[in-house]
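As structure tokens, the structure follows; a few thoughts come after it.
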Amino acid sequence: MKVAAIVGSIRKESYNLKLARYIQNRYQHLFQLDVLSIRDLPFYDQDIESVPPQPVIDFKAKVASADAVLWITPEYNSTIPGVMANAIDWLSRVDRVMIGKPSWIVGSSMGLLGSVKAQGHLRDILFSSGISSPLLPGNEVYIGLVHEKFNEKGELTDEPTIQYLDLVTDNFVKWMKELSQLKQLQSQK
């Protein structure tokens, strides 16, 4: 299974990027995770949406070829970061590569709530009519006080967080298998 990860922080030492790398390494036996960069995406512009620049074309192609998208978001001003909203704008226009593509959301912050407000907004956006992405239900991952859960090498070390990620990742894989079986049944009708 191929999963595209979209991290809502472009900071080089981002905890959410470290979380993406952790998931990429720990669960490589379950799926191939491609951590996509949104750093080079220009601001969404309707004037060029039909003939976008190459970074947009490449980004959309990677998302289109993935079986699912893992959204990893920090929380800025009680919502998703602008760079993530910009990426969503590109994905939701013209060929709309997110329609029907399953999504899974995790996130972290240095605050106690671990991006809970941002994830709520992201769920609303992804489920909207412009995107219509099925969301992994009931498996919210809010990692609060994230700066206390990584060591100086950038490795996640908090055992309860690791155990919970293991559980949610297993649920994600099972859910994807169920969706695949459902698609097969629907195609046979």
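The values are calculated or read from the model by the stated rules, or taken from the named source; none is laboratory data. Remember, it's a predicted structure, so these values are computed and weren't measured experimentally. Cβ atoms come from the backbone with ideal geometry, glycine included; neighbour counts cover every protein chain shown. Calculation scope for accessible area: heavy atoms of the full protein, side chains included, ligands and nucleic acids excluded. Shrake-Rupley method; radii C 1.70, N 1.55, O 1.52, S 1.80 Å.
Across region 28-37, computed HN-Hα scalar couplings (Karplus, 6.51 cos²θ - 1.76 cosθ + 1.60, θ = phi - 60°) run 5, 6, 9, 7, 8, 9, 9, 7, 7, 8 Hz from first to last residue, x flagging Gly and Pro. Charges were assigned to the Cβ only: +1 to each Lys and Arg, -1 to each Asp and Glu. The resulting dipole of region 107-189 about its Cα centre is roughly 540 debye.
Which net charge results when you count Lys and Arg as +1 and Asp and Glu as -1 among the other residues whose beta-carbon is under 13 Å from that of residue 115? Value of the local net charge: 0. For residue 78 and residue 187, a Förster radius of 45 Å and the Cβ-Cβ distance give a FRET efficiency of 0.60, rounded to the nearest 0.05. For the pair residue 170 and residue 99, a Förster radius of 35 Å applied to the C-beta separation gives a FRET efficiency near 0.85, rounded to the nearest 0.05.
Over the chain, what is the percentage of antiparallel beta bridges among all DSSP beta bridges, to the nearest 5? Rounded to the nearest five, the antiparallel share is 10 percent. Remark on region 80-140: Rg and Dmax equal 12.0, 38 Å (Cα only). Using only side-chain charges placed at the Cβ, +1 for Lys and Arg and -1 for Asp and Glu, the dipole size of region 2-188 relative to its Cα centre rounds to 280 debye.
If you take all other residues with their beta carbon under 14 Å from the beta carbon of residue 95, and give Lys and Arg +1 and Asp and Glu -1, the sum is +2. Farthest toward the positive end of the dipole of the chain, out of 87, 136, 20, is the Cα of 136, where the dipole comes from beta carbon charges about the Cα centre. To the nearest 10, the accessible area of residue 162 is 10 Å² with a 1.4 Å probe. In region 1-107, one over the average inverse separation of all distinct C-alpha pairs is 14.1 Å, which is the Kirkwood hydrodynamic radius.
Based on Cα contacts under 8 Å between residues 6+ apart, region 2-188 shows a relative contact order of 21 percent.
Across the chain, Cα-Cα pairs farther apart than 24 Å form 36% of the total. Rg to Rh for region 95-174: what is it, with Cα atoms only and Rh by Kirkwood? Value, to two decimals: 1.03.
The calculated 222 nm mean residue ellipticity attributable to helices in the chain amounts to -13000 deg cm²/dmol, summing -39500 (n - 2.57) over DSSP H runs of n ≥ 4 and dividing by all residues. Taking the chain as the region of interest, the number of lysine pairs whose Cα atoms are within less than 20 Å, with members eight or more places apart or on different chains, is 18.
Between amide H atoms placed 1.01 Å from N, distances below 5 Å from residue 143 occur with 107, 108, 109, all of them 5 or more places distant or on a separate chain.
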